[in-house]
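The values are calculated or read from the model by the stated rules, or taken from the named source; none is laboratory data. No experiment lies behind these values; they were computed from the predicted model shown. Neighbour counts are summed over all protein chains in view; Cβ atoms, including those assigned to glycine, are modelled from backbone coordinates with ideal geometry.
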Amino acid sequence: MLDTATTTLLRAVLDEVCENVARHETGARAYVASKILEAATRGETSPDGLKHAGRAALSEAPTTWR
């Protein structure tokens, strides 16, 4: 389980990475969130590293999700 500070960081990174993704595009947001979480569980804790993982996931997401 992640601590409160890490959870807060992950939410902030997700919001920043998905700032141009509509809130109703839950598929894209969920995919990006899962990739950010994967990076965190592998030990990536820097905001820049997590943003990189999120942006990479967003670029991989099917265009129907964006």
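Some observations on this one:
- Of all residues in the stretch 1-19 being without any contact (Cβ under 8 Å) to a residue 12 or more places away in the chain and not in a helix (DSSP H, G or I), the one that is nearest to Ala61 (Cα to Cα): Glu19
- Residue match in the stretch 38-49 (condition: within 8 Å of the chain's Cα centre (by Cα) and surrounded by 16 or more Cβ atoms within 10 Å (Cβ to Cβ)): no
- Beta carbons closer than 9 Å, at least 6 apart along the sequence or on distinct chains, pair a first residue in the stretch 34-50 that is under 12 Å from Thr7 (Cα atoms) and part of a helix (DSSP H, G or I) with a second that is aliphatic (A, V, I, L, M) and at pLDDT below 95 for Leu37/Leu2; Ala40/Leu2; Thr41/Leu2.
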